Amino acid sequence: MANIFYPDKADYLPSKKQYLLRAGFKGIQTKLERSMLNLTNEIYLEAIPLVEAQIDHLTIPVENVGKITIPEKFQGVSQITYFISTIGRRIEERIERYSDSGETTKATLLDAWASESLEELNENFDKQLRKKHHKGTMRFSPGYSDLNLSENKKIIDLLQCRIVSVHPISAMLSPQKSTVCMIGWY
Amino acid sequence: MTRIEFLKRLEDGPLYLDGSYGTQFFKAGYTDIPGEMLNLKAPEVVFELQKKYIQAGSNILLTNTFSANRIKLASLKIEEYIDEINKQGVLLAKKAAGNKAFVFGDISSTGEFPQPVGDLSSRKIYDAFYEQAKILDQFGVDGFIVETISDLKELKLAILAIREINNEKPLIAQMTFEKSDHHLQSPRSVTGTPVEVFGNLMNDLDVDVVGINCTLGPKEIYSVFEKLSQYTEKPLSVEPNAGDPDLVNGRLMYRMTPDEFSVYAADMVFQGASVIGGCCGTGPEHIEALKILVDKNPDFVYHEGKNRARGTYQLKDCISFLSSRTQLIPVEPFAPIGERINPASKKRFQDEIENYDFKRILDLAKEQELEGAKLLDINFGIEKILSPKHFKQVVIELDKISSLPLSFDIQTNKYLEEALFEYPARPLINSARVTEKSLNRKASLLKRHGGMLILLAMGKGIPETAEGRFHQIMEGIKELEHLSISRLRILADPLVLSLGADNDPAVTLKTVEMLHKEGIKTTMGLSNLSFGMPERKAINAAFLAQSINRGLDSAIMNTGDRQLFSIMKGSLKLRGQDLIEPQQVDTKNPFVRSLLNGEIENLHHLIDEELKSKSPLEISQQVLAKAMNEIGELYAEKIIYLPHLILAADTSKPIFERLNELSDTAIQFVGRVVLATVEGDVHDIGKKIVGTVLSGGGFEVIDIGKDKISKEILDAVKTYQPDIVGLSAMMTTTVGKVKEVSDLLKQEGIDVKIISGGASMNKRLAKEFGCQGYSDDASGALKLCRELLKIES
């Protein structure tokens, strides 16, 4: 059974710089026009109360991982932490609503915010884990390197995660702003 | 900590100030005691709040001494505690800060404006700041902050006083601005100073950080901040409010969440703010949220803040500016300086000045402004028979009626110092010779008071050749730069000598050309050329044209000579430039013009003419009232500024009185208004201005004063039976008293219209309190009163 971590707001608030870059404001060293700046701020504020952040996590000895594939780069690790993070469904619903009503700018900005929020959440949890377990591998997710997307389901099953599910065909996670991650510890 | 160490620290990233004190004390239930008195009566409350700010991440803690100057404390009737309040303020902050934060001595307004906007002398205000700064310094603050100041002159006096006490500690100087209604208009302080005048002057004055605070929330203050950043090269600071206040369960609350505050406030750090905190309504949670968000973006566009702290930030458009309290005037493309406030060879004019009769000076100022002068030169000549008071008084009078910057051609050092002490903005000092003594003296004045300097191409003698004069100027500039005066602050004078004494004008022209090629701006006393010659006008005009052709940037000249002025414009055209004409009041109403210029005699003449066909009553209620209405509209459109509005209202008073005396019927006012500031509130200035403007608009105004308990206001209403009661509340802690008065009047069944105003009021609150109207300025109050009484324009 996995442990559940409910993060503080500071753990998932994204950097404004990353949020704007993700939204497509390249070369953000130049000033945004006032109206656009206000819109990006309005979306930033709209997003915060929509977040329902949670992380399910489990650290187990490498010999107990069962059917889950161990990435090649994890050679020599003694333990692996699996974690499933999400910022919830409500933000995704709001993005869809904007998208459906033709408010594409807002949908794009909110989507960028949500992606960066999830990334911020993972980064901060990653730092917490490293403080505890010290020397570890890079953080990996299925779909990258030699890990197939199908590993998502195995990990979700392992953690008996109820807040994130995986589509049986596409292996996409639901809610979409969720990730499945792993870190090996030496 | 030295100033250099402080600036070095700013290079590492922003410093966080704390948030509000007053609203936090109010939230904690301390509603009936001045916040500063808590240093003595409940120090643990102050300490606990400051500890929370430290925990939230503040690394500059302010002493709880915002209002602890003698003038303000006297108005609160706690003057005798001045030493203890300030001393304990420092000790408490130092204890809370430990080694985690700097402690800055907090200094704010005296609650009164210096003359001419208010009644207090500059010296009295300076002394109050000096006294407070001395105590704060004595007990060991790390630096000073002057904040929430809306009058540029008051700010300057505070800076001068602090620097007199200590010039080795960092100083942050902040003003408060209203937002502008239009993106092309500059945000202005309540006394009419645009943010760019403030920013530009602060480049000169001995402050380390320049900023804005209060009045606006983080979203609205952004445009003010942006404008400020374009006009100052110094590191920037900002402390927004937590939005606008709301009434919640009978209490006034600022409800902007820490998230909302931080998201908008963080943008200003990204745009270069080096010091950031919160003002009214903000608490430790706002500072904490802001710090979290900013810290997530350590490298986000902060380079501008770093460069400012290093002193390597330079404005893109390095134009040289001069300013009055209401206008920033660029020297480029050309600055005609009006020469006629000069009584040379005019005995009667000299006598008038000696006897403090400045009417002719004020008339000349207005005339030259209308003619197109960009600056006014003040040259009395007869300094031996004058005193510092003459110069002080003339600066105050001109500040009241003219929007143009002044050029001080004053030879006696203490007179010049007195004029500069009174001057609120960035003047031109005319002039310095290239001698060690003259340069040192003028550099010292420039550093203390700000401004630009005319540098004469002469040392102990005048070089005969252009090369000699050019080298003389360059030598002077080198010396001034060594004394930390930038060449951008210098107008070089190649010297115009009289043709009649066989001087060669070609030397001057060539010197202008050489200086222009070197990028040095130039000016000259044009009329000297033709002194004692026939056909002076033609000679002057021809020489000006040739000088402009060689790159001249400015001239002290007769702006009333239209031929000369036309040729100046034509010459500028030939070098591809247009003179930017100052905005003039566009009115066909001679009453409006005379009221705005304070021309009482002229108004009497106009009244004499009107009396031939109209009754005094008709003139009073139709002609004068109409003119005041137009003036109100000009103010609302920001074509004129608050000092103009006050001057017009002041000027109208004796005219109304005369008409009333001439009238057969009893005094005819359009309505009667009782004004009062509610209990616990000692802010009086705004109410006084409203009273002045209402009087000017034909209302009978009975001002019963400040800090009035509700019962006293009720009694005044019963006694005077006004049509309207105007209530003022400046502080968030006193605004509820407006409701109390409103409820009391209703309980007593008194049928009177209630209007309200003051910094903490707003339209929605006024409605909730049962007021029939609200206005945020004097002109709006006049309009509102006329509407409520259904008075037609």
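Things to note:
- Around the Cα centre of chain B, unit charges on the Cβ atoms of Lys, Arg, Asp and Glu (plus for the first two, minus for the last two) sum to a dipole of about 960 debye.
- In chain B, helical runs assigned H by DSSP with n ≥ 4 each contribute -39500 (n - 2.57); averaged across all residues and rounded to the nearest 500, the mean residue ellipticity at 222 nm is -14000 deg cm²/dmol.
- When the charge dipole of the protein assembly as shown is built from unit charges on Cβ atoms (+1 for Lys and Arg, -1 for Asp and Glu) and taken about the Cα centre, the candidate among B:480, B:31, B:93 whose Cα reaches farthest toward its positive end is B:480.
- Summarising the label geometry, the points placed 7 Å from Cα in the beta-carbon direction at residue B:653 and residue B:615 lie 2.8 nm from one another.
- Peptides B:567-579, A:40-52, B:18-30 ordered by average Cβ neighbours within 10 Å, highest first: B:18-30, A:40-52, B:567-579
- Average other protein chain Cβ within 10 Å of Cβ, residues A:16-24: 3
- The trypsin sites (Lys or Arg not before Pro) of segment B:52-144 that DSSP puts in a loop, and whose beta carbon has at most 11 other beta carbons within 10 Å, are B:77.
- The calculated 222 nm mean residue ellipticity attributable to helices in chain A amounts to -13000 deg cm²/dmol, summing -39500 (n - 2.57) over DSSP H runs of n ≥ 4 and dividing by all residues.
- For a straight C-alpha distance cut-off of 19 angstrom, the lysines reachable from residue B:614 (same-chain residues fewer than eight places away being disregarded) are B:626.
- Cα-centre dipole for the protein assembly as shown with unit charges at Cβ (Lys and Arg positive, Asp and Glu negative), debye to 20: 1600
- The gain in end-to-end length when the residue B:299 to residue B:315 segment is fully stretched comes to 3.6 nm, 0.36 nm per residue minus the alpha carbon separation.
- Two-decimal Rg to Rh for chain B - Kirkwood Rh, Cα set: 0.99
- With 5 Å bins beginning at zero, the pair-distance distribution over Cα atoms of segment B:590-788 amounts to 1, 8, 17, 19, 18, 14, 10, 7, 4, 1, 0 %.
- Model label points for residue B:42 and residue B:467, set 7 angstrom from Cα along the Cα-to-Cβ axis, are 7.9 nm apart.
- Per-peptide average of other Cβ atoms within 10 Å, ordering B:601-607, B:394-400 highest first: B:394-400, B:601-607
- Sites residue B:789 and residue B:447, calculated FRET efficiency, Cβ-Cβ separation with R0 51 Å, nearest 0.05: 0.40
- 23 Å Cα cut-off, lysine pairs counted over segment B:1-56 (separation 8 or more, or different chains): 5
- Computed from backbone phi with θ = phi - 60° and the Karplus coefficients 6.51, -1.76 and 1.60, the 3J(HN,Hα) list for segment B:745-760 is 4, 5, 4, 7, x, 8, 8, 9, 7, 10, 10, 9, x, x, 4, 8 Hz; x is used for glycine and proline.
- Modelled FRET efficiency - R0 56 Å, residue B:230 with residue A:148, Cβ distances, 0.05 increments: 0.50
- Reachable aspartates and glutamates, given that their alpha-carbon falls under 16 Å from the alpha-carbon of residue B:537 and they are not under 8 places away in the same chain: B:339, B:561
- Magnitude of the charge dipole, segment A:3-185, Cβ model with Lys/Arg +1 and Asp/Glu -1, debye to 20: 420
- GNM top mover of A:154, A:106, A:17 - chain A, alpha-carbon springs below 10 Å: A:17
- Separation of the residue B:506 and residue B:622 label points, Cα + 7 Å toward Cβ, nm: 6.9
- Take each residue of peptide A:35-44, count the partner chain Cβ atoms within 10 Å of its Cβ, and average: the result is 3.
- For segment B:707-793, the gyration tensor built on C-alpha atoms gives an oblate shape. Its axis ratio a/c (a ≥ b ≥ c) is at least 1.5, and a/b is not larger than b/c.
- The lysines whose alpha-carbon is closer than 20 Å to the alpha-carbon of residue B:753, local same-chain residues fewer than 8 away aside, are B:687, B:688, B:706, B:708, B:711, B:718, B:737, B:739, B:763, B:767, B:783, B:790.
- Distance from the C-alpha centroid of segment B:434-454 to that of segment B:1-55: 39 Å, rounded to the whole angstrom.
- Take every pair of alpha-carbon atoms less than 8 Å apart whose residues are at least six positions apart; their mean separation over the length of segment B:590-788 yields a relative contact order of 19 percent.
- The protein assembly as shown: proportion of alpha-carbon pairs further apart than 53 angstrom, %: 28
- Given charges at Cβ of Lys, Arg, Asp, Glu: segment B:499-564 dipole, positive-most of B:506, B:533, B:522: B:522
- Signed unit charges on C-beta, dipole axis of chain B, positive-most listed residue B:754, B:462, B:171: B:462
- Using the average count of surrounding beta-carbon atoms within 10 Å as a protection proxy, the listed peptides B:406-414, B:502-510 rank, highest first, as B:406-414, B:502-510.
- Exercise: per-residue mean of other protein chain Cβ atoms within 10 Å, A:83-90: 0
Bear in mind these aren't lab numbers, they're just calculated from the coordinates by the rules spelled out. None of these values were measured; they are calculated from a predicted model. With ideal geometry, Cβ positions are generated from the backbone for all residues, glycine too; neighbour counts draw on all protein chains shown.
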